[in-house]
Amino acid sequence: DPEIVSALRTTTKNLHSLTKDMTGFSRVSSNNSHSDLDTAVSRAIRMTQVDLRGVCKVEAWVDRMPPVAMEEGRLVQILVNLFRNSADAIRDSGGGRIRVTAQVESTHSGPQRMGSNRILILVEDDGPGIGAGIATHLFDRFETTKSEGKGTGLGLSISRNIARNVEGDLTLAPGVLGGACFALRIPVYTQELKRKAS
């Protein structure tokens, strides 16, 4: 199948950089790191084509967003993890939608080294959702809702750590599709950050 071959080629090309991200996730990104959200989302969708095939479709409304203060490889790593988690949940429940939306979120309380605005990215699905008992430990290392042998329980912990390294965050949030919804907040890359990095 040409579509699967293409997806495998894309995944193979990015495997090296993603492995480097995984082993070095505790490293703090430089202030000069930035990426385009629309490009990162498109790349993450391409990389998860095999996981999503025959299971669900991704609806993305993330264009016209300002650049975010995170390396593209790290942003893609977070998105790929969230997409794959949603695909696994949907596969078991009979759902079929993943939705990615973004908006600029202004912050007015507390000092922000990365600037006063952040991009709020919501990744949600119409799967079975996450129970309250699991939600409190969901970001702990080795915590997983997947059956034995299907998950390491590290993906969400690493993803949150990557976000927090740039003064962002990854949390659970209320959604509108009935399943799980994750809120990824990343500071907007500004000219002030560019000057500080120079």
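The values are calculated or read from the model by the stated rules, or taken from the named source; none is laboratory data. Note that the structure is a prediction, hence the values are computed from the model and not measured. No Cβ is skipped: glycine too gets one built from the backbone with ideal geometry, and neighbour counts run over all protein chains shown. For accessibility, only protein heavy atoms count, side chains too; no ligands or nucleic acids. Shrake-Rupley method; radii C 1.70, N 1.55, O 1.52, S 1.80 Å.
What to note about this one:
- Selection of the range 78-101 for residues being open to solvent by 20 Å² or more (accessible area, probe 1.4 Å) and either under 23 Å from Ser35 (Cβ atoms) or of a type outside the set (Gly, Ala, Ser) (or both) yields Asn81, Arg84, Asn85, Asp88, Arg91, Asp92, Arg97, Arg99, Thr101.
- Those residues of the range 42-80 which are in contact with a strand residue (DSSP E or B) (Cβ under 6 Å, 6 or more places away or on another chain) and over 17 Å from Arg118 (Cα atoms), in sequence order: Ile45, Cys56, Val58, Glu59, Ala60
- Unmet requirement for Gly151, which otherwise passes all of (1) modelled with pLDDT under 85; (2) open to solvent by 40 Å² or more (accessible area, probe 1.4 Å): (2)
- Scan of the range 47-59 for residues that are of a type outside the set (A, V, I, L, M), in contact (Cβ under 8 Å) with a residue 40 or more places away in the chain and either surrounded by fewer than 20 Cβ atoms within 10 Å (Cβ to Cβ) or assigned to a helix (DSSP H, G or I) (or both), ordered by number: Gln49, Arg53, Lys57, Glu59
- Qualifying residue in the range 67-74 (condition: loosely packed, with under 15 Cβ neighbours inside 10 Å, part of a loop (DSSP other than H, G, I, E, B), without any contact (Cβ under 8 Å) to a residue 60 or more places away in the chain and of a type in the set (D, E, K, R)): no
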